[in-house]
Amino acid sequence: MRKLLAILLAVFAATIAFAEVKIGINGAVEWDTLRIQAAVSLDLASADIKLPAGRSRGEALINSEYIRLIRPGIMELQVDSSSTIADLVRRGEFSLLEAETLALQAVSVPTALSPDFKNISASYTLSLAGVSAALLRNNSPSPVIRTLNPVSAPVYTGIIIIASENLPVYSMNSTALPIPCLFPKIWDTSMNLIFERNMLEVRNTAMVLYSPLSGIFQNSPSGLSPELSALVGERPMRIFARGVFGIKPTDLIIDHDDAMLIISSGENRRLLSEGKVAIILDDSVLRWEFSGE
């Protein structure tokens, strides 16, 4: 009994001591770069670490706490209009271990000391394309919708949907500013599903590229930023979204005539299956910050 009490007291003391260690994370989900950027910082004095001898212990402490600290940022990622990664875990569609495995895919840089030598921090970059790939379960892509009455359509090099303003919410007397997610759906005004995640043939890339409005007003022959040009080429189809749909305003509605130009030719349908789609959103929704201790 005394031995058990001693163990419990030791564990309690260690817990109290660790609770006093000041270690935290500051990060951001950057939808326009499709990355999560995060920095984990440790207050050296709170951990009773003295330099230079204790630097390796500080680095080890940061590494051991990284997954715990970044987990909330990953769990709150908007997967589609109705679910975050946390929702998928709660429903048993994705495991907590898989979510934490995503965190291990981050690229880190060597730790750095603050100018006053009071803190040591490490930076991490996690690709959202890798997160998307981990969530794609269907190994046999679904075909993009076809039409029995095709129309004459130019051959485009990509698709740009402009949705940077408040748009009508389908079947509701309200408007909403579209927001990003990993797997947005695209509907036409007749509510035909034009594009969704299972239509992707390329599994190692993001479903769409998000960009601010400035990305289509650049000083270049196409007017596009280098990132947009690399994805949608020099002759993209430009579409204005007509509305939003879903529990969260992530899914876009485009005009039926615009949809017909896409689905009327194999070349243009291939733009969807290859993920050559960019969505222009308001700057305010393209960055989501998080922090924790």
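Read-outs: derived from the displayed coordinates by stated rules, not from any lab. Bear in mind the structure is a predicted one, so any value in this text is a computation, not a measurement. Methodologically, a virtual Cβ is constructed for each residue, glycine included, from the backbone with ideal geometry; neighbour enumeration extends over all protein chains shown.
Highest mean packing comes first when the peptides 243-254, 125-136 are listed by Cβ atoms within 10 Å, giving 243-254, 125-136. Taking a straight line from the alpha carbon of K22, these lysines sit under 20 Å away, with near neighbours fewer than eight places off in the same chain left out: K50, K118. Where the alpha-carbon atoms of the stretch 116-250 are placed on the principal axes, they occupy 69, 39, 37 Å, in descending order. Its alpha carbons considered, the stretch 96-152 gives a radius of gyration followed by a Dmax of 21.4, 69 Å. Between N26 and A112, the contour length at 0.36 nm per residue exceeds the Cα-Cα span by 29.5 nm. Within the straight-line cut-off of under 16 Å between alpha carbons, the lysines reachable from K276 are K185, sequence neighbours fewer than 8 places apart in one chain being disregarded.
Stretched out straight at 0.36 nm per residue, the stretch from I247 to N138 would grow longer than its current Cα-Cα span by 36.9 nm. The GluC sites (Glu not before Pro) of the stretch 23-109 that DSSP puts in a loop, and whose beta carbon has at most 16 other beta carbons within 10 Å, are E76, E93.
Solvent-free Debye calculation, one equal scatterer per alpha-carbon of the stretch 22-135: log10 I(q)/I(0) at 0.11, 0.17, 0.18, 0.20 Å⁻¹ equals -0.40, -0.81, -0.87, -1.00. Rounded to the nearest angstrom and ordered from largest down, what semi-axes does the equivalent ellipsoid of the stretch 209-293 get from its C-alpha gyration tensor (root of 5λ)? The answer is 24, 19, 12 Å, longest axis first. Protection proxy ranking, highest mean first, for peptides 103-109, 197-203: 197-203, 103-109, where packing is the per-residue count of other beta-carbon atoms within 10 Å, averaged. With the convex hull drawn over the C-alpha atoms of the stretch 60-113, the volume per residue is 90 Å³. How many percent of all Cα-Cα pairs in the chain sit more than 36 Å apart? The proportion of pairs with Cα distances above 36 Å equals 29 percent. Cα centroids of the stretch 67-115 and the stretch 195-255: 25 Å apart. For the chain, a crude dipole built from +1 on the beta carbon of Lys and Arg and -1 on the beta carbon of Asp and Glu, taken about the Cα centre, is about 820 debye to the nearest 20. Label-to-label distance for R57 and S95 is 3.5 nm, based on points extended 7 Å past Cα in the beta-carbon direction. Given their separation in residues at 0.36 nm each and the Cα-Cα distance between them, S152 and S273 gain 41.5 nm when the chain is fully extended.
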